[in-house]
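Q: Could you have a look at this structure, given as structure tokens, before my questions?
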Amino acid sequence: MKIMKKACQRTEEDRRNLTKTVEEMIDYVREKKDAALKEYNLKFDGCTRETLRVSKEEIQVAYTKLTTQEIEDLKAAAANIKAFSQAQKETVKPLENFSPAPGIFLGHRIIPVKSCCCYVPGGNYPLYSTALMLIIPAKTAGVERVAACSPVMKGTNEINPKTLIAMDIAGADEIYAVGGAQSIAAFSYGTEEIRPVDMIVGPGNRFVTEAKRQCYGQVGIDFVAGPSEVLVIADGSGTPEIVAADLLAQSEHDPNAKGILITTEESFGTAVMEAVERELAVLETAEIARKSWEVYGEVILVDSLEEAVCLANEYAPEHLELNVQNPEEVSKQLYNYGSLFMGENTAEVFGDYASGTNHTLPTLRAARYTGGVWVGTFLKTCTYQSMTPEAAAELAPLVYRMAKGEGLMGHARAAEVRKSLI
């Protein structure tokens with residue numbers, strides 16, 4: 001293995017100040033409720049809204065600010081996301097009347113959570129695509145109350161119109177003009193205007209992420225996410241400019257984003273690095289993308305695709321691209337990734353926007369133990385059981401002995417009394 005471009009190591013930032021700041025914000029929202037939200041809106045975004053919930057009239061005005069093409073594009077992307085979410089839901093099925101022994105009947109029900117909040121970021125860019133990625137799976141799952149929130153455009157009282165329309169097209173039941181850690185606190189604990197929810201999903205800055213971490217337990221969350229990542233495995237058969245474009249597409253998200261190339265051909269790695277420099281010379285978002293690439297970009301030369309696969313599984317990246325001749329074969333050996341993109345034709349950005357899979361994915365090696373947001377994120381698999389008197393009497397002695405062995409005599413007695421049912 002040879003490091004052709006070395007990345008700086010991401011270090012765990014000093015969390016003490018962040019933790020304390022977010023904790024104080026959560027406590028302030030719990031105490032002051034709507035007044036705290038309005039105060040933070042003014043402080044961070046220059047927003048003077050008196051009513052946090054966005055009205056139907058505001059949504060209709062937002063439609064007039066978009067072109068017909070922009071609206072149709074959102075609807076087309078939404079249709080693909082909804083179709084895939086529906087197909088996924090059909091794979092999650094109830095189980096009825098499984099019988100491990102005569103007279104014992106077991107099963108499970110698939111139950112959607114009753115309410116959720118979909119957090120749509122609004123920092124460096126209006127990430128209206130995230131509104132589609134969060135709200136559509138929630139609605140497809142059958143969540144009864146789907147709220148959405150996003151910070152306003154700085155210096156205004158309005159959510160970005162594209163984000164607002166995306167929320168509406170996706171089917172949000174309620175939309176609120178509030179963001180940041182304070183919004184996570186509001187939907188976790190409730191305020192005068194905002195009813196709390198059962199689950200909060202969606203990416204955000206480090207304050208939002210920390211608020212989700214601190215509120216977890218009071219409310220369910222999808223996962224704690226960090227900066228965006230992409231890892232490309234290339235055998236040298238592809239096009240350097242395409243790989244460079246894909247690396248920079250993630251790098252432009254955030255100065256802390258990470259783009260990694262693992263290749264079996266040194267000349268290809270060199271060509272990609274040269275293509276990155278050419279692209280940065282003309283890329284409108286080069287200021288952020290260059291910082292990310294120079295600090296965290298990485299190019300690694302390996303001896304074989306097998307070695308590349310082992311490294312990729314160790315990295316457990318958010319996005320994993322296979323720029324190789326036989327991607328389906330290579331994919332069989334991969335098991336740690338948020339979402340997989342097979343072949344040069346399959347751009348990661350297609351998944352970001354409109355192919356139908358979800359772009360809200362695990363980062364920072366969380367792909368070792370979880371996948372991304374999908375319709376199943378909003379579904380609970382809840383078991384149930386019933387049994388005949390004969391089955392209860394048959395099972396009771398076993399349970400009695402096991403409970404007695406643990407010293408839990410109340411448990412043992414609860415089993416023992418069932419022996420008299422027949």
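Q: Which residue fluctuates most in the GNM of the chain (Cα springs below 10 Å): N205, N336, N97?
A: So, out of N205, N336, N97, the one fluctuating most is N97.
Q: Moving on to the next point. K33's amide H: which non-local residues (gap 5+, or another chain) put their own amide H closer than 5 Å, with H modeled 1.01 Å from N in plane and none for Pro or chain starts?
A: none
Q: Which loop-located chymotrypsin sites (Phe, Trp or Tyr not before Pro) does segment 103-208 contain, where loop means any DSSP state but H, G, I, E or B and the Cβ has at most 13 other Cβ atoms within 10 Å?
A: Numbers: sites: F105, Y119, Y128, Y176, F187, Y189, F207; in loops: none.
Sparse-neighbourhood loop chymotrypsin sites (Phe, Trp or Tyr not before Pro): none present.
Q: Follow-up. Under a Cβ-Cβ cut-off of 13 Å, what is the net charge of the residues other than R418 that fall near it, where Lys and Arg count +1 and Asp and Glu count -1? Can you show the working numbers first?
A: Working: positive: R413, K419; negative: E390, E394, E416.
Value of the local net charge: -1.
Q: Please find the FRET efficiency linking E24 to V282, where r is the Cβ-Cβ separation and R0 is fixed at 45 Å, and quote it to the nearest 0.05. Each step should come with its number before you reach the end.
A: Values: r = 44 Å, r/R0 = 0.98.
So, using R0 = 45 Å, E works out to roughly 0.55.
Q: List, in order, the whole-Hz ³J(HN,Hα) value for each residue of segment 184-190 obtained from phi through the Karplus relation with A = 6.51, B = -1.76, C = 1.60 and θ = phi - 60°; use x for Gly and Pro.
A: 5, 4, 4, 7, 7, 10, x
Q: V178's amide H: which non-local residues (gap 5+, or another chain) put their own amide H closer than 5 Å, with H modeled 1.01 Å from N in plane and none for Pro or chain starts?
A: S150
Q: Most fluctuating residue of V120, V299, V178 in a GNM of the chain with Cα springs under 10 Å: which is it?
A: Ranking V120, V299, V178 by mean-square fluctuation puts V299 first.
Q: If r is the Cβ-Cβ distance from N345 to E144 and R0 is 60 Å, what FRET efficiency results, to the nearest 0.05?
A: Working: r = 40 Å, r/R0 = 0.66.
Once the sixth-power term is evaluated, E becomes 0.90.
Q: Let's test the formula: R0 of 45 Å, r as the Cβ-Cβ distance of E294 and I110. What FRET efficiency results, to the nearest 0.05?
A: Numbers: r = 47 Å, r/R0 = 1.05.
So the FRET efficiency works out to roughly 0.45.
Q: In a shell of Cβ-Cβ distance under 10 Å around A403, excluding A403 itself, what net charge do Lys and Arg (+1) and Asp and Glu (-1) give?
A: Values: positive: R401, K404, R413; negative: E406, E416.
Cβ neighbours under 10 Å give a net charge of +1.
Q: When the chain is fully extended, how far beyond the present Cα-Cα distance does E307 get from S386, taking 0.36 nm per residue of separation?
A: On the way: separation 79, 0.36 × 79 = 28.44 nm, distance 5.11 nm.
Once the chain is fully extended between E307 and S386, it gains 23.3 nm.
Q: Based on the mean of other Cβ atoms within 10 Å per residue, sort peptides 347-353, 248-254, 301-307 so the most packed one is first. Show your work: numbers first, answer last.
A: On the way: 347-353: 18.6, 248-254: 24.1, 301-307: 15.0.
The peptides rank, most packed first, as 248-254, 347-353, 301-307.
Q: I'd like the distance between the alpha-carbon centres of segment 214-272 and segment 108-156, rounded to an integer number of Å.
A: Value for the Cα centre distance between the two parts: 24 Å.
Q: Helix-derived [θ] at 222 nm for the chain: sum -39500 (n - 2.57) over DSSP H runs of at least 4, divide by residue count, nearest 500? Numbers along the way, then the final one.
A: Working: 16 runs with 190 residues, N = 422.
Calculated from helices alone, the mean residue ellipticity at 222 nm is -14000 deg cm²/dmol.
Q: What is the chain's relative contact order, in percent, from Cα pairs under 8 angstrom and six or more apart in sequence? Present the calculation step by step, with values, prior to reporting the outcome.
A: Numbers: 832 pairs, mean separation 82.3, N = 422.
20 percent.
Q: Give, in nm to one decimal, the length gained when the segment between E50 and Q218 is fully stretched (0.36 nm per residue of separation minus the Cα-Cα distance).
A: Details: separation 168, 0.36 × 168 = 60.48 nm, distance 2.71 nm.
Answer, rounded to one decimal: 57.8 nm.
Q: Continuing with this model, one more query. Which far-off residues, 5 or more places away or on another chain, put their amide H under 5 Å from the one on V232, with H placed in the peptide plane?
A: It is I260, L261, I262, E321, by chain and number.
Since every read-out is calculated from the coordinates, none of them should be taken as a lab result. Since the structure is predicted, the reported quantities are computational estimates derived from the model, not experimental observations. Please note: Cβ atoms are built from the backbone with ideal geometry, for glycine as well, and neighbour counts cover all protein chains shown.
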